[in-house]
Amino acid sequence: MIEPGLKPVRYGEYPLPNSNGTRGSIDILARDRHGMWVVIELKRSKAASRQALHEVMKYAELLCSEKHLPADRIRTIVVSTEWSELLVPTSSAARDWSYDLRGYHLRLDEEGAIVGAERVEFLEASFEHWVSPIHMLFFFDSADQRDQMWDHIVWWASQFDAPDLVAADFDRVARKEIIPRPFGLYLAVGVVDPAQASDDLLVGYDGPEPFAEEYPAEYLLLCKICNGTAGADHDLEGAVPGLLRNIAADSSWKIQGYRVSGAFQAMEDLSDTDLFLALSGDAHGDSQIIFTGSANPQMATRWKGFLRQTENSLAGNETWEILVRGWLNDAAARVGDGDVWLHVYNPCDLLEALVFAWPDKVGKYLPNLAAGTHPKAGDGTFARGTLCWTRQTPWNFADAVRLVYQDPQYWSATRYGGITWQHDLDLLDLLGLEYVLLDQIGVTPHEASVDNEHRIWTVQNSSAVVHSSRTHPSEYSETFRRLAQDRHIISIMQYLKHNSEYVDIVVQEYREFVSILDPERL
(Lines give C-alpha, C1' and ligand atoms only; values in the text may rest on other atoms or scores of the structure.)
Protein backbone atom coordinates (compact mmCIF):
# COMPACT_ATOMS: atom_id res chain seq x y z
CA MET A 1 0.00 0.00 0.00
CA ILE A 2 2.86 2.41 0.74
CA GLU A 3 5.39 1.48 -1.92
CA PRO A 4 5.71 -1.46 -4.32
CA GLY A 5 8.52 -3.84 -3.44
CA LEU A 6 8.74 -3.17 0.31
CA LYS A 7 9.15 -6.36 2.33
CA PRO A 8 9.30 -6.59 6.15
CA VAL A 9 12.51 -7.95 7.63
CA ARG A 10 10.33 -9.57 10.30
CA TYR A 11 6.68 -9.47 11.30
CA GLY A 12 6.01 -7.31 14.32
CA GLU A 13 8.20 -4.60 15.82
CA TYR A 14 11.97 -4.75 15.36
CA PRO A 15 13.78 -4.18 18.69
CA LEU A 16 17.03 -2.21 18.81
CA PRO A 17 19.70 -2.58 21.55
CA ASN A 18 20.63 -0.12 24.24
CA SER A 19 24.40 0.34 23.80
CA ASN A 20 24.07 4.05 22.92
CA GLY A 21 22.03 4.92 25.98
CA THR A 22 18.68 4.68 24.22
CA ARG A 23 16.54 1.91 22.89
CA GLY A 24 13.24 1.23 21.20
CA SER A 25 11.48 -0.81 18.59
CA ILE A 26 11.03 0.08 14.94
CA ASP A 27 7.37 -0.29 13.99
CA ILE A 28 8.34 -1.87 10.66
CA LEU A 29 11.84 -2.55 9.41
CA ALA A 30 11.71 -3.39 5.71
CA ARG A 31 13.92 -3.81 2.65
CA ASP A 32 13.02 -2.09 -0.60
CA ARG A 33 13.47 -3.34 -4.15
CA HIS A 34 17.00 -1.90 -4.24
CA GLY A 35 18.02 -3.76 -1.08
CA MET A 36 18.01 -0.62 1.12
CA TRP A 37 16.91 -0.81 4.75
CA VAL A 38 13.71 1.16 5.41
CA VAL A 39 12.71 2.41 8.86
CA ILE A 40 8.91 2.90 8.94
CA GLU A 41 7.26 4.74 11.83
CA LEU A 42 3.44 4.53 12.25
CA LYS A 43 1.19 7.04 14.05
CA ARG A 44 -2.60 7.18 14.38
CA SER A 45 -3.31 10.43 16.30
CA LYS A 46 -2.24 14.08 16.49
CA ALA A 47 -0.67 13.62 19.93
CA ALA A 48 1.31 10.57 18.85
CA SER A 49 2.37 12.15 15.53
CA ARG A 50 4.39 14.77 17.41
CA GLN A 51 6.83 12.02 18.42
CA ALA A 52 7.21 10.49 14.97
CA LEU A 53 10.10 12.61 13.71
CA HIS A 54 12.12 12.15 16.91
CA GLU A 55 11.65 8.39 16.82
CA VAL A 56 12.41 7.84 13.15
CA MET A 57 15.64 9.87 13.50
CA LYS A 58 16.65 7.90 16.60
CA TYR A 59 15.97 4.52 15.00
CA ALA A 60 17.86 5.38 11.81
CA GLU A 61 20.94 6.34 13.80
CA LEU A 62 20.70 3.25 16.01
CA LEU A 63 20.24 0.98 13.01
CA CYS A 64 23.26 2.53 11.33
CA SER A 65 25.54 2.07 14.36
CA GLU A 66 24.27 -1.27 15.70
CA LYS A 67 24.06 -3.06 12.36
CA HIS A 68 27.18 -1.33 10.95
CA LEU A 69 25.26 -0.14 7.90
CA PRO A 70 26.42 2.75 5.72
CA ALA A 71 24.16 5.79 5.91
CA ASP A 72 23.44 5.68 2.19
CA ARG A 73 21.81 2.27 2.61
CA ILE A 74 19.12 3.47 5.03
CA ARG A 75 15.81 5.17 4.24
CA THR A 76 13.09 6.45 6.56
CA ILE A 77 9.32 6.74 6.17
CA VAL A 78 6.75 8.35 8.48
CA VAL A 79 3.19 7.07 8.05
CA SER A 80 0.39 8.87 9.91
CA THR A 81 -3.32 9.53 9.85
CA GLU A 82 -2.64 13.09 11.06
CA TRP A 83 -0.14 15.52 9.48
CA SER A 84 -1.08 18.93 10.92
CA GLU A 85 1.70 18.71 13.54
CA LEU A 86 4.11 16.74 11.38
CA LEU A 87 4.27 18.59 8.07
CA VAL A 88 6.46 21.57 9.02
CA PRO A 89 9.19 19.76 11.04
CA THR A 90 9.29 16.76 8.71
CA SER A 91 9.63 19.01 5.66
CA SER A 92 12.58 20.77 7.29
CA ALA A 93 14.21 17.46 8.25
CA ALA A 94 13.75 16.05 4.74
CA ARG A 95 15.69 18.99 3.28
CA ASP A 96 18.67 18.80 5.62
CA TRP A 97 18.91 15.25 6.97
CA SER A 98 21.42 12.83 5.45
CA TYR A 99 18.87 9.99 5.25
CA ASP A 100 16.11 9.93 2.65
CA LEU A 101 12.87 10.82 4.46
CA ARG A 102 9.36 10.46 3.05
CA GLY A 103 5.87 10.81 4.44
CA TYR A 104 2.55 9.07 3.75
CA HIS A 105 -0.95 9.99 4.85
CA LEU A 106 -3.14 7.02 5.79
CA ARG A 107 -6.80 7.19 4.80
CA LEU A 108 -9.30 5.44 7.09
CA ASP A 109 -12.93 4.44 6.56
CA GLU A 110 -15.73 5.09 9.04
CA GLU A 111 -14.82 1.94 10.93
CA GLY A 112 -11.18 3.06 11.30
CA ALA A 113 -9.82 0.53 8.84
CA ILE A 114 -6.99 1.58 6.50
CA VAL A 115 -8.23 2.00 2.92
CA GLY A 116 -5.23 3.71 1.29
CA ALA A 117 -2.04 5.75 1.61
CA GLU A 118 -1.03 8.91 -0.24
CA ARG A 119 2.44 10.39 -0.52
CA VAL A 120 2.76 13.67 1.41
CA GLU A 121 4.20 16.61 -0.52
CA PHE A 122 6.71 18.27 1.78
CA LEU A 123 6.92 22.04 2.03
CA GLU A 124 9.59 23.91 0.10
CA ALA A 125 12.15 25.91 2.04
CA SER A 126 10.82 29.36 2.83
CA PHE A 127 12.12 32.07 0.53
CA GLU A 128 14.84 34.24 2.09
CA HIS A 129 13.87 37.89 1.76
CA TRP A 130 16.91 40.15 1.68
CA VAL A 131 18.09 43.25 -0.11
CA SER A 132 19.66 42.74 -3.51
CA PRO A 133 22.58 44.89 -4.75
CA ILE A 134 20.33 46.52 -7.38
CA HIS A 135 20.05 50.14 -6.21
CA MET A 136 19.02 53.56 -7.55
CA LEU A 137 19.08 57.19 -6.40
CA PHE A 138 16.16 59.61 -6.86
CA PHE A 139 16.41 63.37 -6.23
CA PHE A 140 13.49 65.76 -5.70
CA ASP A 141 12.66 69.43 -5.13
CA SER A 142 10.62 68.70 -2.01
CA ALA A 143 9.92 66.05 0.60
CA ASP A 144 6.30 65.85 -0.61
CA GLN A 145 7.48 64.86 -4.08
CA ARG A 146 9.60 62.14 -2.48
CA ASP A 147 6.61 60.81 -0.54
CA GLN A 148 4.50 60.69 -3.71
CA MET A 149 7.26 58.96 -5.65
CA TRP A 150 7.61 56.27 -2.98
CA ASP A 151 3.90 55.50 -3.33
CA HIS A 152 4.31 55.24 -7.12
CA ILE A 153 7.35 53.00 -6.78
CA VAL A 154 5.58 50.63 -4.39
CA TRP A 155 2.56 50.49 -6.72
CA TRP A 156 4.68 49.67 -9.76
CA ALA A 157 6.60 46.95 -7.93
CA SER A 158 3.32 45.35 -6.85
CA GLN A 159 2.19 45.16 -10.48
CA PHE A 160 4.96 42.65 -11.10
CA ASP A 161 4.30 40.70 -7.88
CA ALA A 162 7.68 41.76 -6.48
CA PRO A 163 6.71 44.23 -3.74
CA ASP A 164 9.77 43.89 -1.48
CA LEU A 165 11.61 47.21 -1.36
CA VAL A 166 13.81 49.09 1.10
CA ALA A 167 14.69 52.78 0.85
CA ALA A 168 16.36 55.57 2.79
CA ASP A 169 15.45 59.27 2.81
CA PHE A 170 18.44 61.59 2.83
CA ASP A 171 18.51 65.41 2.66
CA ARG A 172 21.12 67.99 1.80
CA VAL A 173 21.92 69.89 5.01
CA ALA A 174 24.91 72.04 3.93
CA ARG A 175 25.37 74.35 0.94
CA LYS A 176 21.94 73.51 -0.44
CA GLU A 177 22.30 76.18 -3.09
CA ILE A 178 24.74 74.05 -5.12
CA ILE A 179 22.29 71.13 -5.32
CA PRO A 180 19.31 71.56 -7.66
CA ARG A 181 17.24 68.88 -5.92
CA PRO A 182 18.25 68.46 -2.27
CA PHE A 183 15.81 65.68 -1.22
CA GLY A 184 17.09 62.18 -1.98
CA LEU A 185 15.62 58.69 -1.95
CA TYR A 186 18.02 55.74 -1.92
CA LEU A 187 16.13 52.72 -3.30
CA ALA A 188 17.10 49.03 -3.14
CA VAL A 189 15.16 46.17 -4.71
CA GLY A 190 14.51 43.10 -2.60
CA VAL A 191 15.52 39.72 -4.02
CA VAL A 192 12.71 38.59 -6.32
CA ASP A 193 10.92 35.34 -5.46
CA PRO A 194 10.63 33.49 -8.81
CA ALA A 195 7.70 31.47 -7.49
CA GLN A 196 5.64 34.64 -6.99
CA ALA A 197 6.98 37.22 -9.44
CA SER A 198 5.41 38.12 -12.76
CA ASP A 199 6.73 36.26 -15.80
CA ASP A 200 7.79 39.65 -17.18
CA LEU A 201 10.66 39.66 -14.68
CA LEU A 202 11.83 36.11 -15.43
CA VAL A 203 12.73 36.45 -19.11
CA GLY A 204 16.40 37.18 -18.40
CA TYR A 205 18.57 40.27 -18.75
CA ASP A 206 22.01 40.61 -20.31
CA GLY A 207 22.90 44.25 -19.71
CA PRO A 208 26.38 45.41 -18.68
CA GLU A 209 25.30 47.13 -15.46
CA PRO A 210 26.91 46.05 -12.16
CA PHE A 211 25.23 42.96 -10.66
CA ALA A 212 22.75 42.66 -13.56
CA GLU A 213 24.13 39.26 -14.57
CA GLU A 214 23.67 37.83 -11.08
CA TYR A 215 20.32 39.55 -10.46
CA PRO A 216 18.50 39.80 -13.83
CA ALA A 217 14.95 39.77 -12.40
CA GLU A 218 15.80 42.45 -9.86
CA TYR A 219 17.39 44.67 -12.50
CA LEU A 220 14.39 44.24 -14.80
CA LEU A 221 12.13 45.27 -11.93
CA LEU A 222 14.20 48.41 -11.39
CA CYS A 223 13.91 49.19 -15.11
CA LYS A 224 10.11 48.75 -14.92
CA ILE A 225 9.94 51.03 -11.88
CA CYS A 226 12.09 53.74 -13.49
CA ASN A 227 10.14 53.62 -16.75
CA GLY A 228 6.81 53.63 -14.94
CA THR A 229 7.72 56.63 -12.80
CA ALA A 230 9.55 58.63 -15.49
CA GLY A 231 8.96 62.36 -15.41
CA ALA A 232 10.57 65.76 -15.23
CA ASP A 233 10.01 66.28 -11.51
CA HIS A 234 12.99 64.23 -10.36
CA ASP A 235 16.52 63.15 -11.30
CA LEU A 236 17.93 59.62 -11.37
CA GLU A 237 21.40 58.28 -10.70
CA GLY A 238 22.68 54.72 -10.60
CA ALA A 239 23.93 53.35 -7.29
CA VAL A 240 25.75 50.30 -5.97
CA PRO A 241 26.08 48.87 -2.44
CA GLY A 242 28.47 50.98 -0.42
CA LEU A 243 27.26 54.32 -1.75
CA LEU A 244 24.86 54.85 1.15
CA ARG A 245 27.78 54.49 3.54
CA ASN A 246 29.54 57.30 1.64
CA ILE A 247 26.41 59.45 1.94
CA ALA A 248 26.25 58.76 5.68
CA ALA A 249 29.90 59.78 6.05
CA ASP A 250 29.38 63.04 4.12
CA SER A 251 28.52 65.89 6.51
CA SER A 252 26.68 67.68 3.69
CA TRP A 253 23.95 65.02 3.71
CA LYS A 254 21.90 63.45 6.47
CA ILE A 255 19.89 60.23 6.43
CA GLN A 256 16.43 61.08 7.75
CA GLY A 257 14.80 57.66 7.95
CA TYR A 258 13.91 54.44 6.17
CA ARG A 259 10.99 53.02 4.21
CA VAL A 260 10.02 49.39 3.59
CA SER A 261 7.34 47.55 1.66
CA GLY A 262 6.26 43.97 1.00
CA ALA A 263 7.89 41.28 3.12
CA PHE A 264 10.15 43.81 4.85
CA GLN A 265 7.05 45.53 6.25
CA ALA A 266 6.24 42.39 8.21
CA MET A 267 9.71 42.31 9.76
CA GLU A 268 8.80 44.53 12.69
CA ASP A 269 12.03 43.85 14.57
CA LEU A 270 14.27 45.41 11.90
CA SER A 271 16.08 48.41 13.40
CA ASP A 272 17.50 51.41 11.54
CA THR A 273 20.91 49.79 11.96
CA ASP A 274 19.66 46.59 10.32
CA LEU A 275 18.24 48.56 7.39
CA PHE A 276 21.41 50.62 6.99
CA LEU A 277 23.57 47.48 6.91
CA ALA A 278 21.19 45.91 4.38
CA LEU A 279 21.22 48.97 2.10
CA SER A 280 24.98 49.46 2.38
CA GLY A 281 25.46 45.82 1.40
CA ASP A 282 27.56 45.06 4.45
CA ALA A 283 25.07 42.56 5.89
CA HIS A 284 25.67 40.14 3.00
CA GLY A 285 29.06 41.36 1.79
CA ASP A 286 27.41 42.90 -1.28
CA SER A 287 29.15 46.24 -0.79
CA GLN A 288 32.29 44.38 -1.90
CA ILE A 289 34.13 46.69 0.49
CA ILE A 290 33.20 45.95 4.10
CA PHE A 291 32.08 42.77 5.80
CA THR A 292 32.23 41.70 9.43
CA GLY A 293 30.81 38.39 10.55
CA SER A 294 31.29 35.20 12.51
CA ALA A 295 30.01 31.63 12.36
CA ASN A 296 30.37 28.14 13.77
CA PRO A 297 31.44 25.74 10.98
CA GLN A 298 29.29 22.97 12.45
CA MET A 299 26.16 25.06 11.99
CA ALA A 300 25.94 24.12 8.32
CA THR A 301 23.33 26.62 7.11
CA ARG A 302 24.97 29.64 8.75
CA TRP A 303 28.46 28.52 7.67
CA LYS A 304 27.32 28.26 4.05
CA GLY A 305 25.89 31.77 4.20
CA PHE A 306 29.02 33.07 5.93
CA LEU A 307 31.23 31.69 3.14
CA ARG A 308 28.98 33.24 0.49
CA GLN A 309 29.01 36.64 2.18
CA THR A 310 32.79 36.52 2.57
CA GLU A 311 33.22 35.72 -1.11
CA ASN A 312 30.92 38.60 -2.05
CA SER A 313 32.92 41.05 0.02
CA LEU A 314 36.17 40.08 -1.72
CA ALA A 315 34.92 40.52 -5.28
CA GLY A 316 37.52 42.18 -7.49
CA ASN A 317 40.35 40.87 -5.32
CA GLU A 318 41.03 37.38 -6.64
CA THR A 319 44.19 36.87 -4.57
CA TRP A 320 42.49 37.46 -1.23
CA GLU A 321 39.42 35.56 -2.38
CA ILE A 322 41.50 32.42 -3.01
CA LEU A 323 43.61 32.82 0.13
CA VAL A 324 40.69 33.50 2.46
CA ARG A 325 38.72 30.57 1.07
CA GLY A 326 41.69 28.31 1.79
CA TRP A 327 42.18 29.80 5.24
CA LEU A 328 38.50 29.38 6.14
CA ASN A 329 38.54 25.71 5.06
CA ASP A 330 41.60 25.19 7.25
CA ALA A 331 40.01 27.10 10.14
CA ALA A 332 36.81 25.05 9.93
CA ALA A 333 38.81 21.83 10.27
CA ARG A 334 40.83 23.20 13.20
CA VAL A 335 38.17 24.93 15.26
CA GLY A 336 35.66 22.07 15.53
CA ASP A 337 32.59 23.23 17.42
CA GLY A 338 34.08 26.69 17.93
CA ASP A 339 33.83 30.08 16.29
CA VAL A 340 35.47 31.68 13.27
CA TRP A 341 35.35 35.47 12.82
CA LEU A 342 36.35 37.70 9.92
CA HIS A 343 36.59 41.41 9.15
CA VAL A 344 37.17 42.57 5.57
CA TYR A 345 37.89 46.03 4.24
CA ASN A 346 38.41 45.66 0.50
CA PRO A 347 38.08 49.07 -1.24
CA CYS A 348 40.08 48.14 -4.37
CA ASP A 349 41.02 51.78 -4.95
CA LEU A 350 44.39 52.76 -3.50
CA LEU A 351 44.27 56.14 -5.17
CA GLU A 352 40.97 57.08 -3.53
CA ALA A 353 42.40 56.39 -0.07
CA LEU A 354 45.33 58.68 -0.81
CA VAL A 355 43.31 61.51 -2.38
CA PHE A 356 40.90 61.75 0.53
CA ALA A 357 43.01 60.67 3.53
CA TRP A 358 46.74 61.23 2.85
CA PRO A 359 48.81 61.49 4.97
CA ASP A 360 47.39 61.46 8.50
CA LYS A 361 44.30 59.25 8.10
CA VAL A 362 45.25 57.04 5.20
CA GLY A 363 45.89 54.01 7.40
CA LYS A 364 42.16 53.72 8.11
CA TYR A 365 41.31 53.47 4.41
CA LEU A 366 43.92 51.04 3.12
CA PRO A 367 42.82 47.46 2.44
CA ASN A 368 43.03 45.20 5.47
CA LEU A 369 41.72 41.87 6.64
CA ALA A 370 41.64 40.26 10.08
CA ALA A 371 40.38 36.82 11.00
CA GLY A 372 40.63 34.38 13.86
CA THR A 373 39.34 31.23 15.49
CA HIS A 374 38.09 30.57 19.01
CA PRO A 375 38.02 26.80 19.55
CA LYS A 376 36.44 25.36 22.68
CA ALA A 377 39.74 23.62 23.34
CA GLY A 378 43.23 23.88 21.90
CA ASP A 379 45.05 26.63 20.07
CA GLY A 380 43.32 29.50 18.34
CA THR A 381 44.51 31.20 15.18
CA PHE A 382 44.90 34.85 14.24
CA ALA A 383 45.32 35.94 10.61
CA ARG A 384 45.87 39.28 8.96
CA GLY A 385 45.78 40.32 5.35
CA THR A 386 47.45 43.39 3.96
CA LEU A 387 49.21 44.87 0.99
CA CYS A 388 52.97 44.62 1.08
CA TRP A 389 55.84 45.60 -1.19
CA THR A 390 57.57 42.51 -2.53
CA ARG A 391 60.19 43.65 -5.00
CA GLN A 392 62.06 46.53 -6.61
CA THR A 393 60.20 48.12 -9.52
CA PRO A 394 61.33 50.55 -12.22
CA TRP A 395 58.15 52.58 -11.80
CA ASN A 396 57.96 55.42 -9.32
CA PHE A 397 54.54 56.07 -7.83
CA ALA A 398 53.67 59.13 -9.94
CA ASP A 399 54.60 57.48 -13.25
CA ALA A 400 52.65 54.33 -12.42
CA VAL A 401 49.49 56.33 -11.60
CA ARG A 402 49.75 58.31 -14.85
CA LEU A 403 50.21 55.16 -16.87
CA VAL A 404 47.14 53.45 -15.38
CA TYR A 405 44.71 56.36 -15.00
CA GLN A 406 46.02 58.90 -17.56
CA ASP A 407 44.49 61.87 -15.68
CA PRO A 408 42.16 62.67 -12.76
CA GLN A 409 39.11 62.90 -15.04
CA TYR A 410 39.64 59.34 -16.27
CA TRP A 411 40.02 58.10 -12.68
CA SER A 412 36.77 59.85 -11.75
CA ALA A 413 35.00 58.17 -14.67
CA THR A 414 36.18 54.72 -13.54
CA ARG A 415 34.84 55.41 -10.05
CA TYR A 416 31.45 56.47 -11.40
CA GLY A 417 31.32 53.38 -13.60
CA GLY A 418 32.28 51.03 -10.79
CA ILE A 419 35.35 49.65 -12.61
CA THR A 420 38.17 51.25 -10.62
CA TRP A 421 39.05 47.84 -9.14
CA GLN A 422 40.24 46.64 -12.55
CA HIS A 423 42.68 49.54 -12.87
CA ASP A 424 43.69 49.23 -9.23
CA LEU A 425 45.02 45.74 -9.89
CA ASP A 426 47.17 47.12 -12.73
CA LEU A 427 48.48 49.89 -10.50
CA LEU A 428 49.43 47.48 -7.71
CA ASP A 429 51.26 45.28 -10.19
CA LEU A 430 53.31 48.20 -11.52
CA LEU A 431 54.20 49.27 -7.99
CA GLY A 432 55.20 45.77 -6.88
CA LEU A 433 52.45 45.65 -4.25
CA GLU A 434 50.85 42.30 -3.44
CA TYR A 435 47.93 41.13 -1.30
CA VAL A 436 49.19 38.68 1.33
CA LEU A 437 47.70 36.60 4.13
CA LEU A 438 49.76 35.76 7.22
CA ASP A 439 48.69 33.91 10.35
CA GLN A 440 49.90 32.66 13.70
CA ILE A 441 48.66 29.62 15.59
CA GLY A 442 48.10 29.51 19.33
CA VAL A 443 48.25 33.22 20.01
CA THR A 444 46.34 36.45 20.06
CA PRO A 445 47.79 39.41 18.15
CA HIS A 446 49.21 40.75 21.43
CA GLU A 447 51.04 37.53 22.27
CA ALA A 448 53.16 37.17 19.16
CA SER A 449 56.45 35.32 19.62
CA VAL A 450 59.13 33.90 17.37
CA ASP A 451 58.49 30.55 19.05
CA ASN A 452 54.90 30.37 17.78
CA GLU A 453 53.96 28.69 14.53
CA HIS A 454 53.79 31.28 11.74
CA ARG A 455 52.30 30.64 8.32
CA ILE A 456 52.29 32.40 4.97
CA TRP A 457 49.49 31.73 2.49
CA THR A 458 50.24 32.04 -1.23
CA VAL A 459 48.37 31.38 -4.48
CA GLN A 460 49.69 28.62 -6.72
CA ASN A 461 47.75 27.44 -9.78
CA SER A 462 44.63 29.29 -8.57
CA SER A 463 44.69 27.47 -5.23
CA ALA A 464 45.74 28.51 -1.74
CA VAL A 465 48.95 26.96 -0.41
CA VAL A 466 50.11 27.37 3.17
CA HIS A 467 53.78 27.47 4.23
CA SER A 468 54.40 26.75 7.92
CA SER A 469 57.45 27.74 9.96
CA ARG A 470 56.97 24.56 12.00
CA THR A 471 56.00 21.83 9.52
CA HIS A 472 57.70 23.15 6.34
CA PRO A 473 60.43 25.51 7.58
CA SER A 474 62.44 25.56 4.34
CA GLU A 475 59.41 26.43 2.20
CA TYR A 476 58.37 29.01 4.74
CA SER A 477 61.83 30.63 4.71
CA GLU A 478 61.95 30.69 0.92
CA THR A 479 58.50 32.28 0.69
CA PHE A 480 59.37 34.78 3.39
CA ARG A 481 62.52 35.81 1.52
CA ARG A 482 60.47 36.40 -1.63
CA LEU A 483 58.01 38.66 0.20
CA ALA A 484 60.47 40.39 2.51
CA GLN A 485 63.12 43.01 1.98
CA ASP A 486 65.88 43.33 4.59
CA ARG A 487 64.41 40.41 6.57
CA HIS A 488 61.03 41.99 7.21
CA ILE A 489 57.88 42.42 5.18
CA ILE A 490 57.40 46.01 4.05
CA SER A 491 53.81 47.10 4.62
CA ILE A 492 51.90 49.38 2.30
CA MET A 493 52.23 52.20 4.85
CA GLN A 494 56.01 51.84 4.92
CA TYR A 495 56.08 51.82 1.12
CA LEU A 496 53.98 54.99 0.87
CA LYS A 497 56.09 56.84 3.44
CA HIS A 498 59.25 55.79 1.61
CA ASN A 499 57.76 57.21 -1.62
CA SER A 500 56.02 60.18 0.01
CA GLU A 501 57.57 62.69 -2.40
CA TYR A 502 55.88 61.07 -5.40
CA VAL A 503 52.66 60.40 -3.46
CA ASP A 504 52.45 64.12 -2.58
CA ILE A 505 52.69 65.06 -6.26
CA VAL A 506 49.86 62.74 -7.28
CA VAL A 507 47.63 63.67 -4.35
CA GLN A 508 47.96 67.39 -5.04
CA GLU A 509 47.10 66.92 -8.72
CA TYR A 510 44.05 64.79 -8.04
CA ARG A 511 42.81 66.92 -5.16
CA GLU A 512 42.72 69.99 -7.39
CA PHE A 513 40.34 68.11 -9.68
CA VAL A 514 38.22 66.69 -6.85
CA SER A 515 37.91 70.10 -5.20
CA ILE A 516 35.85 71.20 -8.20
CA LEU A 517 33.52 68.18 -8.19
CA ASP A 518 33.29 67.31 -4.50
CA PRO A 519 34.64 70.11 -2.28
CA GLU A 520 32.73 68.96 0.79
CA ARG A 521 34.33 65.52 0.61
CA LEU A 522 37.81 67.05 0.81
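The values are calculated or read from the model by the stated rules, or taken from the named source; none is laboratory data. This is a predicted model, so every value here is computed, not measured. Methodologically, a virtual Cβ is constructed for each residue, glycine included, from the backbone with ideal geometry; neighbour enumeration extends over all protein chains shown. Heavy atoms of the whole protein, side chains included, go into the accessibility calculation; ligands, DNA and RNA do not. Shrake-Rupley method; radii C 1.70, N 1.55, O 1.52, S 1.80 Å.
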Could you give the distance between the Cα centres of the stretch 208-224 and the stretch 356-421, to the whole Å? 29
At 1.4 Å probe size, with no ligands or nucleic acids counted, give the accessible surface of Tyr104 in Å², nearest ten. 20
About the Cα centre of the stretch 1-132, what is the dipole size in debye to 20, counting +1 per Lys and Arg Cβ and -1 per Asp and Glu Cβ, all else neutral? 460
Tell me the chymotrypsin sites (Phe, Trp or Tyr not before Pro) within the stretch 3-92 that lie in a loop according to DSSP and have at most 10 other beta-carbon atoms within 10 Å. Tyr11
Considering only protein heavy atoms and a probe of 1.4 Å, how much of the accessible area of the stretch 51-156 is carbon and sulfur, as a whole percent? 48
Evaluate the relative contact order of the chain (contact order divided by residue number), counting alpha-carbon pairs under 8 angstrom at least 6 apart; express in whole percent. 9
Taking Cα atoms, how many degrees apart are the long axis of helix 318-335 and the longest axis of the chain, rounded to 10 and kept between 0 and 90? 40
Within 10 Å of each candidate Cβ there may be at most 12 other Cβ atoms; applying that plus a DSSP loop requirement, which trypsin sites (Lys or Arg not before Pro) in the stretch 165-240 survive? Arg175
Give me the percent of accessible area attributable to carbon and sulfur for the stretch 244-331, probe 1.4 angstrom. 49
Please go through the stretch 66-151 and write out the GluC sites (Glu not before Pro) that DSSP classes as loop and that have at most 14 other C-beta atoms within 10 Å. Glu110, Glu111, Glu121, Glu124, Glu128
For Asp147, solvent-accessible area (1.4 Å; no DNA, RNA or ligand), Å²: 60
What accessible area per residue comes out for the chain, rounded to a whole number of Å², with a 1.4 Å probe? 51
Separation of the stretch 466-512 and the stretch 65-110 by C-alpha centroid, Å? 58
Probe 1.4 Å, all chains present, heavy atoms only: Arg334 accessible area in Å², nearest 10, is 110
